[in-house]
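Participant: Below is the structure I would like to discuss, written out as structure tokens.
Just so it is clear, none of the values below were taken in a lab; they were calculated from the coordinates. The model shown is predicted, which means the values in this text are computed figures rather than measured ones. So basically every Cβ, Gly included, is an ideal-geometry build from the backbone, and we count neighbours across all protein chains shown.
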Amino acid sequence: MTDPSHNGALLDARGVAVTIAGKTIVSDTDLEVRAGRLVAVVGPNGAGKSTLTRAVAGLQRTSAGEIRWRGEDVRKMRGRHLALTRAFVPQRPRVPDGVRVREAVRVGRSPHVGVLRRATSKDHEAADRAIERAGVEEFADRLLNTLSGGELQRVQIAVALAQEAPALLADEPTSHLDLGATVIVARLLRELADEGLGVVLVAHDLALAAAVADTVVVMSEGRSVATGNPADALTRERLREVWGVDAGLELKPGGRTGLGVAWLDAPGGDQPGPGHGGDDAVRVP
């Protein structure tokens, strides 16, 4: 049952904790997502980013905390209802043999079709819209196992869009992609948020997260240690504390970002190397 007192967020997760095989993976972490906003979850390897995302998606059992989708407790939401509320794009999608892109995207309509029903023309039209929106029309009739990593990731987003859920959670969708494919996926997720979806993006690339996110959640050792706009969440001091590097985020006009990393300098240097930033760059303190 929906809680009439909820705060209007699509997702409101408070004090989430996850323990697996006796080990605490996530502890006392909050995450909020609203329609039309993109939240990037960042942090070092092993920080608990993917586990948190799976937990709020209802795919991972929690040991403490509260997770509500539009005021409804995720623990009381089952299969079809959950799928109509949020779509989840996994980090490593399964790629079955013999399945074509169009067929895979139509699977995303399953929550609407239900059991013992056949897909209608409305369902096929929704799948076609998802294919078009994700920009995969040109290879819609190809087999999944013939696609590049970037193409396959966009197909996974198309499958999620076919669900027509108000929220989309993407777990490291740009990992292992080249620069061009990364930009395409990042732009797509930003555009989807601008069109009204609530989007959660798990990412390692801090410059990418800063470019596309409205809010950045920084995780370290299973906890969220900062939440805010990119400039406030990704300060030089926090990059040093969480990642152990001397680096400074650069925010430029037009959504351009950069990360000036002291790859060779001794820790503590404040001056960016040649080619980093410019007169129009805003360097985060």
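Participant: Which stretch or stretches of the stretch 176-213 have amide N atoms under 12 Å from the point lying 7 Å from Ala35's Cα along the Cα→Cβ direction?
Facilitator: Answer for this model: 195-198.
Participant: Charges only on Cβ, +1 for Lys and Arg, -1 for Asp and Glu: so what's the dipole of the stretch 1-106 about the Cα centre, in debye to the nearest 20?
Facilitator: Numbers: 19 positive and 10 negative charges, 99 e Å.
In total the dipole reaches around 480 debye.
Participant: On to the next question. Provide the packing ranking of 236-247, 211-222, 153-164, 85-96, i.e. peptides ordered by the mean count of other C-beta atoms within 10 Å per residue, highest first. Don't skip to the answer; put the middle values down first.
Facilitator: Numbers: 236-247: 15.6, 211-222: 22.1, 153-164: 24.7, 85-96: 17.5.
The densest-packed peptide leads the list: 153-164, 211-222, 85-96, 236-247.
Participant: Let me ask something else about it. Dividing the Cα convex hull volume of the stretch 1-84 by residue count, how many Å³ per residue is that?
Facilitator: Values: hull volume 8.3 nm³, N = 84.
Roughly 98 Å³ of hull volume per residue.
Participant: Please get the size of the charge dipole for the stretch 151-202, origin at its Cα centre, with Cβ charges of +1 on Lys and Arg and -1 on Asp and Glu, quoted in debye to the nearest 20.
Facilitator: Details: 3 positive and 8 negative charges, 9 e Å.
That gives the stretch 151-202 a dipole magnitude of about 40 debye.
Participant: While we're on this one: Along the charge dipole of the chain, pointing to its positive end and built from +1/-1 on Cβ of Lys, Arg, Asp and Glu, which listed residue (Ala262, Val242, Val202) has its Cα farthest out?
Facilitator: Val202
Participant: To continue, here is another question. I'd like the distance separating the alpha-carbon centroids of the stretch 39-59 and the stretch 165-191, in whole Å.
Facilitator: Each part's Cα centre sits 15 Å from the other's.
Participant: Okay, next question. Evaluate the Debye formula for the chain with equal point scatterers sitting on the alpha carbons, no solvent, and hand back log10 of I(q)/I(0) at q = 0.13, 0.15 Å⁻¹, in q order, two decimals.
Facilitator: -0.92, -1.17
Participant: Assuming a viscosity of 0.890 mPa s and a temperature of 25 °C, what translational diffusion coefficient in µm² per second does Stokes-Einstein assign to the stretch 62-172, Rh being the Kirkwood radius over Cα pairs? Can you show the working numbers first?
Facilitator: Details: Rh = 14.7 Å.
Rounded, D is 166 µm²/s.
Participant: In the chain, with Lys and Arg counted as +1 and Asp and Glu as -1 at Cβ, which of these residues, Thr227, Ala64, Gly79, has the Cα nearest the positive end of the dipole, that is, farthest along it?
Facilitator: Gly79
Participant: Still on this model: Would you kindly state how much longer the chain becomes between Val183 and Glu138 on full extension, computed as 0.36 nm times their sequence separation minus their alpha carbon distance, in nm to one decimal?
Facilitator: Values: separation 45, 0.36 × 45 = 16.20 nm, distance 1.85 nm.
Full extension from Val183 to Glu138 adds 14.4 nm.
Participant: Place a +1 charge on the Cβ of each Lys and Arg in the stretch 94-160 and a -1 charge on the Cβ of each Asp and Glu, then give the dipole magnitude about the Cα centre in debye, rounded to the nearest 20.
Facilitator: Working: 12 positive and 10 negative charges, 64 e Å.
That gives a dipole near 300 debye.
Participant: For the chain, with the dipole built from +1 on Lys and Arg beta-carbon atoms and -1 on Asp and Glu ones, taken about the Cα centre, which of Phe88, Val99, Leu11 lies farthest toward the positive end?
Facilitator: The Cα lying farthest towards the positive end belongs to Val99.
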